[in-house]
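Participant: Please find one structure pasted underneath; my questions will follow.
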């Protein structure tokens, strides 16, 4: 499965993947009332991009990660938080503890979970009135706009799955469909809060972040080499070795019904 490819590059994933904006973490902490005594479950934490800032609240945190290598890096990153633990398991089959959680969070990974069970499972893990928080990440128009238009030629040449004339979407035209939450019998009070950030990358840093994406890792070796070589040449020759990328993060929250 494509989601298994992340575990092959855990150290790179930890180094290259962007952290979430502080304002997003603060929004989540306030909405969930996080603090000492709060019980938090994070599903698919990766190496802890959201987990570490959540742990700073002093909550009791359990993170369930499918990849053992990712989990090992997450444990290292959480070593100063004695109330945080990382378990290697598939959340869809992980035995839920008898005491429910106040918050279940999942950042940029909810789409990997089975749609047939992910909301019932998270509801089962929560106390009545508990909060489900999902973070989605979109690659939107912004930053070095001209680069992201030009780079499509590299993808069209080396990745056969690339739609022709694919272009970045404006932030205003980007939104996660919340219908799954709106229709769920388990949740109500769905809210969405948006947080954007621009991140500047050197050419090496940008290649590193591309190597953490499942679609890039799934390419055969010659195609991946050709694609990344073309991207590197483009950044170095036309953009002085640096580009800026814009990310839009949506914080989707819903309350477990009583």
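The values are calculated or read from the model by the stated rules, or taken from the named source; none is laboratory data. Keep in mind that this is a model prediction, so the values were computed, not measured. All Cβ positions, glycine included, derive from the backbone under ideal geometry; neighbour counts span all protein chains shown.
Participant: Is there any pair linking a residue in segment 19-33 that is under 16 Å from residue 55 (Cβ atoms) to one that is part of a helix (DSSP H, G or I) and at pLDDT 95 or above, with Cβ under 8 Å and at least six apart or on different chains, and which?
Facilitator: 19/53; 20/53; 22/53; 25/53; 25/54; 28/54; 29/54
Participant: I would also like to ask the following. Among the residues of segment 224-239, is there at least one that is part of a loop (DSSP other than H, G, I, E, B) and over 30 Å from residue 30 (Cβ atoms)?
Facilitator: Yes, segment 224-239 contains a residue that is part of a loop (DSSP other than H, G, I, E, B) and over 30 Å from residue 30 (Cβ atoms).
Participant: State whether one or more residues within segment 204-225 are more than 27 Å from residue 67 (Cβ to Cβ) and either at pLDDT 95 or above or under 19 Å from the mean Cα position of the chain (by Cα) (or both).
Facilitator: Scanning segment 204-225 turns up no residue that is more than 27 Å from residue 67 (Cβ to Cβ) and either at pLDDT 95 or above or under 19 Å from the mean Cα position of the chain (by Cα) (or both).
Participant: Return a yes/no flag: does segment 199-207 have any residue that is in contact with a helix residue (DSSP H, G or I) (Cβ under 8 Å, 6 or more places away or on another chain) and either surrounded by fewer than 13 Cβ atoms within 10 Å (Cβ to Cβ) or over 30 Å from residue 242 (Cα atoms) (or both).
Facilitator: The answer is no; no qualifying residue exists.
Participant: Inspect all residues belonging to segment 53-61 and state whether any of them is out of contact with any strand residue (DSSP E or B) (no Cβ under 9 Å at 6 or more places or on another chain) and in contact (Cβ under 8 Å) with a residue 40 or more places away in the chain.
Facilitator: In the first step, residues of segment 53-61 are kept if they are out of contact with any strand residue (DSSP E or B) (no Cβ under 9 Å at 6 or more places or on another chain); the result is 53, 56, 58.
Those left that are additionally in contact (Cβ under 8 Å) with a residue 40 or more places away in the chain: none.
Checked against the condition, which is being out of contact with any strand residue (DSSP E or B) (no Cβ under 9 Å at 6 or more places or on another chain) and in contact (Cβ under 8 Å) with a residue 40 or more places away in the chain, segment 53-61 yields no hits at all.
Participant: Hey, another quick one. Residue 161 - would you say it is over 16 Å from residue 244 (Cβ atoms), surrounded by fewer than 14 Cβ atoms within 10 Å (Cβ to Cβ) and without any contact (Cβ under 8 Å) to a residue 40 or more places away in the chain?
Facilitator: Answer is no for this residue.
Participant: Ok, one more. Any residue at all in segment 169-178 that is surrounded by 12 or more Cβ atoms within 10 Å (Cβ to Cβ), in a helix (DSSP H, G or I) and touching a strand residue (DSSP E or B) at 6+ places or on another chain (Cβ under 6 Å)? Spell out the reasoning first.
Facilitator: Step one: filter segment 169-178 for residues surrounded by 12 or more Cβ atoms within 10 Å (Cβ to Cβ), giving 169, 171, 174-176, 178.
Still in the list and also in a helix (DSSP H, G or I): 171.
With the extra rule that they be touching a strand residue (DSSP E or B) at 6+ places or on another chain (Cβ under 6 Å), the set shrinks to 171.
Looking through segment 169-178, at least one residue is surrounded by 12 or more Cβ atoms within 10 Å (Cβ to Cβ), in a helix (DSSP H, G or I) and touching a strand residue (DSSP E or B) at 6+ places or on another chain (Cβ under 6 Å).
So that you can scan it fast, the table gives a plain yes or no per residue for (1) over 14 Å from the mean Cα position of the chain (by Cα); (2) surrounded by fewer than 22 Cβ atoms within 10 Å (Cβ to Cβ); (3) not in a loop (DSSP other than H, G, I, E, B):
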| residue | (1), (2), (3) |
| --- | --- |
| 34 | yes, no, no |
| 37 | yes, yes, no |
| 41 | yes, no, yes |
| 45 | no, no, no |
| 61 | yes, no, yes |
| 70 | no, no, yes |
| 75 | yes, yes, yes |
| 79 | yes, yes, no |
